[in-house]
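Only one structure is covered here, and it is reproduced in the block below.
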Amino acid sequence: AMWAPASIRRGARYYLFFSANDVHEGEVGGIGVAVSDRPEGPYRDLLGRPLIQQIVNGAQPIDQFVYEEDGICYMYYGGWGHCNVVRLKDDFTGIRPFDDGMLYKEITPRGYVEGPFLFKRRDKYYFMWSEGAWTGPDYSVAYAVSDSPLGPFERVGTVLQQDPAVATGAGHHSVIHIPDTDAYYIVYHRHPLGDSEGSHRQVCIERMEFDAEGRIKPVKLTFGGVEARSLR
């Protein structure tokens, strides 16, 4: 049982962070990391053990996302309504303390359930997450904005949610930014209309836009997705 991968390039190698086994206290699993010389793999386990297995601050070790800035890699993770951020060692073999000596910082905003994601735009940090139940129609994505990658993160609002005319349960997303542009895309999963099986999901992509004050506009669910474009 492996899901919610997050990849990052570090030097000449590629690292794939993943969740495994939906662990509870005392069970084997948690957040693992694998490494490859190519983005498409093959990947091999880096540690021979979980990177994070224990439950800290009530956060189940799942749904990890790695963000790099100024050579420092932060990992945001957590289910069960709690989110932690840790600072990774340079070789990804473990976590290292923050400047105040803490290993885990809880940064849970109001309404947080799971699926954290962070990006920076115009000197502001946008922290996003999923709310509701991933098997149900009310799954959605909300966000907060901060001046620091460590928060504090105060909820701004919901930007992605069901549309009864298109699909239900829209959540657990990622964001793609086209370098040197202000083009952003949100990739997420949702449930087809009329399908009551919670584990049936479609992967979708839509444009994500901002207003003049930098707030994320509500994302409109479509059947068509986005236009094709060349990255060359």
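The values are calculated or read from the model by the stated rules, or taken from the named source; none is laboratory data. Note that the structure is predicted; figures quoted are calculated from it, not measured. Glycine also receives a Cβ, built like all others from the backbone with ideal geometry; neighbour counts cover every protein chain displayed. To get the accessible areas, we keep the full protein, side chains included, count just its heavy atoms, and leave off ligands, DNA and RNA. Shrake-Rupley method; radii C 1.70, N 1.55, O 1.52, S 1.80 Å.
Quick notes on this one:
- Above-threshold pairs, the threshold being 25 Å between Cα atoms, out of LYS89/LYS217; LYS89/LYS120; LYS105/LYS220: LYS89/LYS217; LYS105/LYS220
- Percent of alpha-carbon pairs separated by more than 33 Å within the chain: 15
- With every protein chain in place, segment 90-170: carbon and sulfur % of accessible area (1.4 Å): 50
- Over the chain, Cα pairs under 8 Å with separation of 6+ residues give a relative contact order of 10 percent.
- Set against the 2.2 N^0.38 Å expectation for a compact globular protein, segment 152-208 has a Cα radius of gyration ratio of 1.31.
- Summing Cβ point charges (Lys, Arg +1; Asp, Glu -1) relative to the Cα centre of the chain gives a dipole of roughly 440 debye.
- Surface listing: VAL159, VAL187 arranged by accessible area from highest to lowest gives VAL187, VAL159, probe 1.4 Å.
- Gain on full stretching of the segment that runs from HIS177 to ARG13 - 0.36 nm per residue minus C-alpha separation: 56.9 nm
- Amide H contacts of VAL56 (H built 1.01 Å from N, under 5 Å, at least 5 apart or other chain): none
- Farthest towards the positive end of the charge dipole of the chain, among the residues GLY78, TRP3, VAL28, is the Cα of TRP3, using unit charges on the Cβ of Lys, Arg, Asp and Glu.
- Farthest towards the positive end of the charge dipole of the chain, among the residues PRO179, LEU160, LEU150, is the Cα of PRO179, using unit charges on the Cβ of Lys, Arg, Asp and Glu.
- Using every pair of separate Cα atoms, the Kirkwood estimate puts the hydrodynamic radius of segment 100-184 at 13.9 angstrom.
- Per residue accessible area of the chain, 1.4 Å probe, in Å²: 50
- Protein-only accessible surface order, largest first, of TRP80, TRP129 at 1.4 Å: TRP80, TRP129
- Ellipsoid fit via the Cα gyration tensor, segment 1-124: semi-axes of 21, 19, 14 Å, each the root of five times an eigenvalue, largest first.
- Accessible surface, 1.4 Å probe, highest first, among residues ARG201, ARG110, ARG96: ARG110, ARG201, ARG96
- Label-point separation, THR158 to SER230 (7 Å along Cα→Cβ), nm: 4.1
- Spin-label zone in segment 101-125 - amide nitrogen under 18 Å from a point set 7 Å from the Cα of SER148 along the C-beta vector: 101-110, 118-121, 123-125
- Ligands, DNA and RNA aside, THR222 has an accessible area near 40 Å² when probed at 1.4 Å.
- Solvent exposure of ILE205, expressed as accessible area, is near 50 Å², computed with a probe of 1.4 Å over the protein chains only.
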